[in-house]
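Asks: Here it is: the structure, laid out below.
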Amino acid sequence: MLPGEMPFDARALTALDFPRVRDALAERSATSLGAERARALVPTDDAGRIALELNEVEDALFGVSLSLGGIQDIRELHARAQEGRILAGQELLNAAYSLDGAMTVKRAIHANSRGPLRDVADGLGDHSELVRRVLQSLDREGSVRDDASPRLRDLRKRIEPLRGRIREKLAATLEKWSDVLQEHIVTIRRDRYVLPVLASRVGTVQGIIVDASATGQTYFVEPAAVTQLNNELTRLILDEEAEVRRILTELSGLFAADADVPMTLVTVGELDLIAAKARLARDWRLNRPEAAPDGVYDLREARHPLIENPVPNDIALGDTKLLLITGPNMGGKTATLKTLG
């Protein structure tokens, strides 16, 4: 339990519908990080902390419009990167977009905050170098871009023309082998360009059997005329895959080395919870509460926020030490007690 938290009995919180309030906050969270914090909330009796949190909510209501949608929980990705794992391009892209979103929120807070949220926003780190490198290296689908490195650009420039040369040679072979083919097509098996030859005629052609159909009726044969070209293509593709892996390894290492990521994500969760409180305040038309010293309560037209079309009640306790509420079933006795609670 954190300092300042009240040792509330869980049954008492349930009786006051506090879990439903937490759920209402979680539903209004824009991120899973905020929803997680909302569901972990407990009451506090720390007056300074209460005042600070109310000031933060007012800043979100009247100062900064907190836009946190699209920021993902990338804690597991960061942990995997720190273990030395190589993240996929889409995973790195998700991390970059999330961190870029956090930096955008920080700029918005410093431009528009009335004050309280600026201290919270200081927990959002500067991830601009990581974001820049990832977005320069990956396209929108998370694939490594041709210009991610000079070597990758060179390899890909050589691969496509080579594919064209192989297809041209095989197109000529199609005519020569037309009477032994199952189908008049060029296809790819095991990353090599081949022709589909009838199993009964495979002994009449010069080439390497690369694969067979499930029925055994067709063999996929690489004509001898393209073997050397296919070998060259395989070598280039392996080199390309190695270069892509090197780039993803480098980006994963940069992500792992960014020590500010954990604090940024904690802060995103905190800001999202504040934004959810502001949305709840609007939806439920809530007012900022005033402190009730020495158990003196003066509630005017108080209503229970979880009851549809509630009947407002005035409740005064202080000089009156005891209030006896009577009435029929479903008359609002419990709702009044919960409202005060």
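Asks: May I ask for the angle, rounded to the nearest 10°, between helix 47-62 and the longest principal axis of the chain, with both axes built from Cα atoms and the value confined to 0 to 90°?
Replies: Rounded to the nearest ten degrees, it is 60.
Asks: While we're looking at this one, here's another question. Considering only 269, 226, 249, whose Cα is most displaced toward the positive end of the charge dipole of the range 221-276, charges sitting on Cβ of Lys, Arg (+1) and Asp, Glu (-1)?
Replies: The one lying farthest along the dipole's positive direction is 226.
Asks: Percent of accessible area on the chain owned by carbon and sulfur, 1.4 Å probe?
Replies: Ligands and nucleic acids excluded, carbon and sulfur reach 51 percent.
Asks: What are the trypsin sites (Lys or Arg not before Pro) within the range 100-162 that DSSP puts in a loop, where the Cβ has at most 15 other Cβ atoms within 10 Å?
Replies: 114, 140
Asks: How large is the charge dipole for the chain, taken about the Cα centre, if only the Cβ atoms of Lys, Arg (+1) and Asp, Glu (-1) carry charge, to the nearest 20 debye?
Replies: 980 debye
Asks: Taking springs between alpha-carbon atoms closer than 10 angstrom, which of 202, 57, 131 fluctuates most in the Gaussian network model of the chain?
Replies: Largest GNM mean-square fluctuation: 202.
Asks: Once Lys and Arg get +1 and Asp and Glu get -1 on their Cβ, which of 198, 237, 184 lies farthest toward the positive end of the dipole of the range 168-263?
Replies: 198
Asks: Follow-up question, since we're still on this one. If the elastic network links every pair of Cα atoms under 10 Å, which of 198, 265, 77 fluctuates the most in the Gaussian network model of the chain?
Replies: So, out of 198, 265, 77, the one fluctuating most is 198.
Asks: Let me know the longest stretch in the chain that avoids all GluC sites (Glu not before Pro) found in a DSSP loop with at most 14 other C-beta atoms within 10 Å.
Replies: The longest uninterrupted stretch comes out as 184-289.
Asks: Run lengths n ≥ 4 of DSSP H only: what is the helix-derived mean residue ellipticity at 222 nm for the chain, with -39500 (n - 2.57) per run over all residues, to the nearest 500?
Replies: Estimated from H runs of four or more residues: -17500 deg cm²/dmol.
Asks: Another question, if that's okay. Calculate I(q)/I(0) for the chain by the Debye formula, one identical point scatterer on each C-alpha and no solvent, and give its log10 at q = 0.07 Å⁻¹ to two decimals.
Replies: So the normalised log intensities are -0.55.
Asks: Shifting gears a bit: If you fit an axis through the alpha-carbon atoms of helix 150-176 and take the longest principal axis of the Cα set of the chain, what angle between them do you get, 0 to 90°, nearest 10?
Replies: Compared with the principal axis, the helix lies near 50 degrees.
Asks: When the chain is treated as a GNM, springs tying every alpha-carbon pair under 10 Å, which of 310, 328, 161 comes out with the largest mean-square fluctuation?
Replies: The residue with the greatest mean-square fluctuation here is 328.
Asks: Rounding to the nearest 20 debye, state how big the charge dipole of the range 105-201 is about its Cα centre with +1 on each Lys and Arg Cβ and -1 on each Asp and Glu Cβ.
Replies: So the dipole magnitude of the range 105-201 works out to roughly 200 debye.
Asks: Under a Cβ-only charge scheme (Lys and Arg +1, Asp and Glu -1), can you give me the dipole magnitude of the range 1-114 about the Cα centre, in debye to the nearest 20?
Replies: 260 debye
Asks: Between residue 316 and residue 282, what is the FRET efficiency for a Förster distance of 30 Å, r being their Cβ-Cβ separation, to the nearest 0.05?
Replies: 0.60
Asks: If we count every other residue with Cβ under 15 angstrom of residue 175's Cβ, Lys/Arg +1 and Asp/Glu -1, where does the sum land?
Replies: 0
Asks: Give me the 1.4 Å probe accessible area per residue for the range 146-257, excluding ligands and nucleic acids, in Å².
Replies: Each residue of the range 146-257 exposes 57 Å² on average to a 1.4 Å probe.
Asks: Still on this structure: Between residue 178 and residue 14, what is the spin-label point distance in nm, taking each point 7 Å from the Cα along the Cα→C-beta axis?
Replies: Between residue 178 and residue 14, the label points sit 8.1 nm apart.
Asks: Keeping every protein chain present and rolling a 1.4 Å probe, give me the accessible area per residue for the range 271-318 in Å².
Replies: The answer is 68 Å² per residue.
Asks: If you keep only loop residues by DSSP, which trypsin sites (Lys or Arg not before Pro) in the range 289-330 have at most 14 other Cβ atoms within 10 Å of their Cβ?
Replies: 321
Asks: While we're on this one: So if I take the centroid of the Cα atoms in the range 176-205 and the same for the range 266-319, what is the distance between those two points in Å?
Replies: Value for the Cα centre distance between the two parts: 77 Å.
Asks: Given R₀ = 30 Å, FRET efficiency for residue 157-residue 129 by Cβ-Cβ distance, to 0.05?
Replies: 0.60
Asks: For the range 27-72, what does the alpha-carbon gyration tensor say about shape, rounded, prolate or oblate, given a ≥ b ≥ c as the root eigenvalues, a/c under 1.5 as rounded, and a/b over b/c as prolate?
Replies: Oblate shape, in that a/c is at least 1.5 and b/c is the bigger or equal ratio.
Asks: Mind checking which lysines have their Cα closer than 22 Å to the Cα of residue 277? Skip sequence neighbours fewer than 8 apart in that chain.
Replies: Within reach: 106, 338.
The values are calculated or read from the model by the stated rules, or taken from the named source; none is laboratory data. What you see is a predicted model; the values in this text were computed from it and never measured. Cβ: placed from backbone, ideal geometry, glycine included. Neighbour counts: every protein chain shown. Accessible surface is based on the protein model in full, side chains and every heavy atom, while ligands, DNA and RNA are left aside. Shrake-Rupley method; radii C 1.70, N 1.55, O 1.52, S 1.80 Å.
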